[in-house]
Every structure is written in structure tokens, then in C-alpha cells.
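Each remark here refers to the structure printed beneath this line.
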Amino acid sequence: MITLALSKGRIFDETLPLLAAAGIEVLEDPEKSRKLILPTNQDGVRVVLVRATDVPTYVEYGGADIGVTGKDVLIEHGGAGLYQPLDLRIAQCHMAVAAPAGFDYLRAVRQGSRITVATKYTAIARNFFADKGVHVDLIKLYGSMELAPLTGMADAIVDLVSTGKTLKANNLVEVEHIMNISSRLVVNQAALKLKTAPIRRIIDSFAAAVGSAT
Ligand code: ATP
Ligand code: MG
């Protein structure tokens, strides 16, 4: 049995065509079913639904053999024990620093001011500002980062941006591009050794579907 960890929403939706390319069809709709383990048309493959941030953990500890997870989540997790064979080029967006239009971020950076930054992505933010030599006080949040500058709790945020609509709706402006983000296939290294053939088959089908070599 191969267990694939996915999160509901865009990752599940955008992984479906890749699964189809591997001949795998998920037999239940996670938006309709309350089940956390979904069967597929292949007896040897099942899907488990977990929180986006829990996908690397399930694969690391063998709760799942493989998973699909954002580069953002992977960096925050650390990636220990995970084989990362493939960028699936799905769920594309980028990580950015954003601030209220009224906050002169570049000037604050130039002057070496301490900046308070609210984010869910503390590892990415810490590395980014450390590389730039900017002093930041990080405030860890679990959601709705946009609210932090609006309430005066932070000067800026580090968050994922795709269209920029959410920033705009909250009067925030992107002031720095940190990195491009997409989702990757992650594989448990012990599972790869024990179940090489079926896992390789999935990796190869996904690779062919996204048009990249392995
Ligand atoms: P949860 O809802 O469980 O707190 P989450 O909000 O991180 O988790 P999603 O919003 O489904 O979960 O995001 C899953 C992944 O999709 C993220 O880790 C990121 O890599 C990517 N992603 C997030 N927002 C966007 C976006 N606006 N456009 C494209 N990809 C995105
Ligand atoms: Mg979400």
C-alpha cells in the first residue's frame, strides 16, 4: 500500500491531474466527504488528508509514504529525512514582504531601524532579514497576517502573494520579493527503499506530467 498525503484545497485540486497521469483516480470528493482516508481506483494507493503544514511531518514519520507540499511549508519544516525528487510547479505564488502604503520600509531598512514583522513563516523571514543584515522583531501568527500592520501590531508582514488582491484590499503594498513558491513531491526515504517500484512509478508519471526529467 502506498499512502499519499495531500491537503484539501488547491494542493488536492492541482494534484488530481498529476494523479490521473499516473492512472490514479481518487474515489471521493474531500469537499463532500468527511473521511480523512480516501480510496483510489488502485487497491495499492490511498490518499490521506492532512493540514497543509502537517504534510512534511506525516511523510517524515512514515504516516504517509509520499506527499505534496509547498516550498514554504517545506522550508519551515526543515525537510529533515525527506527526499524531494520533483518540483510539481503547482500552487505557484511567491513569498513577499508587504507594508502599509504609509510605512517607508526602504527608508527604515536604509536607516537600520528595527522593524517589527508579523508572519506565519518565521524561518523564511528570519533567514531573509538576516541575509540582508536587517534587524527585525518577528511576531509569529497562524493566519490573517494582513491584520497585523492595520492594528499597529507590526510594521510589515511576510506572506504568500499570488494576485496581490488581498494585499490591495487591506491597503498593503509589496515592498520586497523573497522567493518564488511552488509545491513539491516529498518522499519518505525508508519507504522509497522498501517500495521502490510503485513509488518510482508515481514519481516518473508525475515528472512526465509536469514535463521535467528525474
Ligand atoms: P491551512 O488552511 O491548513 O492553515 P494553508 O492556508 O497554508 O493551511 P493553503 O491555503 O491550502 O493552506 O495553501 C497550501 C499551499 O498552497 C501553501 O503552503 C502554498 O505553498 C500554496 N499557496 C498558498 N496560497 C497560495 C496562493 N494564493 N496561490 C497559490 N498557491 C498558494
Ligand atoms: Mg488556507
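The values are calculated or read from the model by the stated rules, or taken from the named source; none is laboratory data. Here the structure is a predicted model, which is why all the values come from computation and not from measurement. Backbone-built Cβ (ideal geometry, glycine too); neighbour counts: all protein chains shown. Just the protein is used for accessible areas: all its heavy atoms, side chains included, with ligands, DNA and RNA removed. Shrake-Rupley method; radii C 1.70, N 1.55, O 1.52, S 1.80 Å.
For the reader, a short list of remarks on this structure follows.
- Residues of region 32-50 falling in the label zone of Ala20, defined by backbone nitrogen less than 12 Å from a point 7 Å along Cα to beta-carbon, are absent.
- When you restrict to C-alpha pairs under 8 Å that are six or more residues apart and normalise by the size of the chain, the relative contact order lands at 28 percent.
- What region 1-46 shows is 58 Å² of accessible area per residue, with the surface traced by a 1.4 Å probe over protein heavy atoms.
- Phi to ³J(HN,Hα) by Karplus 6.51 cos²θ - 1.76 cosθ + 1.60 over region 72-85, Hz, x for Gly, Pro: 4, 5, 5, 5, 5, 5, x, x, 4, x, 9, 8, 10, x
- Table column - 3J(HN,Hα) (Hz), region 147-152, Karplus curve with 6.51, -1.76, 1.60, x for Gly and Pro: 6, 4, x, 5, 9, x
- Built amide H within the under 5 Å cut-off of Gly70, gap 5+: Arg184
- Between region 23-40 and region 78-97, the alpha-carbon centres lie 24 Å apart.
- Proximity of backbone amide H atoms, modeled 1.01 Å from N, is registered between Ile139 and Val117, Ala118, Thr119 at under 5 Å, excluding neighbours fewer than 5 places apart on the same chain.
- Partner lysines whose Cα lies under 22 Å from the Cα of Lys35, excluding those fewer than 8 positions away in the same chain, are identified as Lys8.
- Neighbourhood charge, 14 Å Cβ-Cβ cut-off, centred on Gly164 and excluding it, Lys, Arg +1 and Asp, Glu -1: -2
- Each principal axis of the Cα cloud of region 62-166 was evaluated for its coordinate range; sorted largest first, these ranges are 47, 29, 21 Å.
- Over the Cα atoms of region 1-120, the radius of gyration divided by the Kirkwood radius equals 1.12; this is the Rg/Rh ratio.
- Net charge over other residues, Cβ less than 15 angstrom from the Cβ of Ile66 (K, R count +1; D, E count -1): +1
- Value of [θ]222 nm, deg cm²/dmol, for the chain, DSSP H segments ≥ 4, -39500 (n - 2.57) each, nearest 500: -9000 deg cm²/dmol
- Backbone HN-Hα couplings from phi across region 108-117 [Karplus 6.51/-1.76/1.60, Hz, Gly and Pro as x]: 4, 5, 4, 7, x, 5, 6, 10, 8, 10
- Distant-in-sequence amide H partners of Glu176 (H built 1.01 Å from N, under 5 Å): Val97
- Prolate/oblate/rounded call for region 161-212, Cα gyration tensor, a/c under 1.5 rounded: prolate
- Computed from Cα atoms, the angle from the helix 196-210 axis to the main principal axis of the chain rounds to 60 degrees.
- Translational D in µm²/s for the chain (Stokes-Einstein at 20 °C, 1.002 mPa s, Kirkwood Rh from C-alpha pairs): 115
- A convex hull fitted to the Cα coordinates of region 135-195 yields 154 cubic angstrom per residue.
- When both region 55-74 and region 157-214 are represented by their alpha-carbon centers, they are found 11 Å apart.
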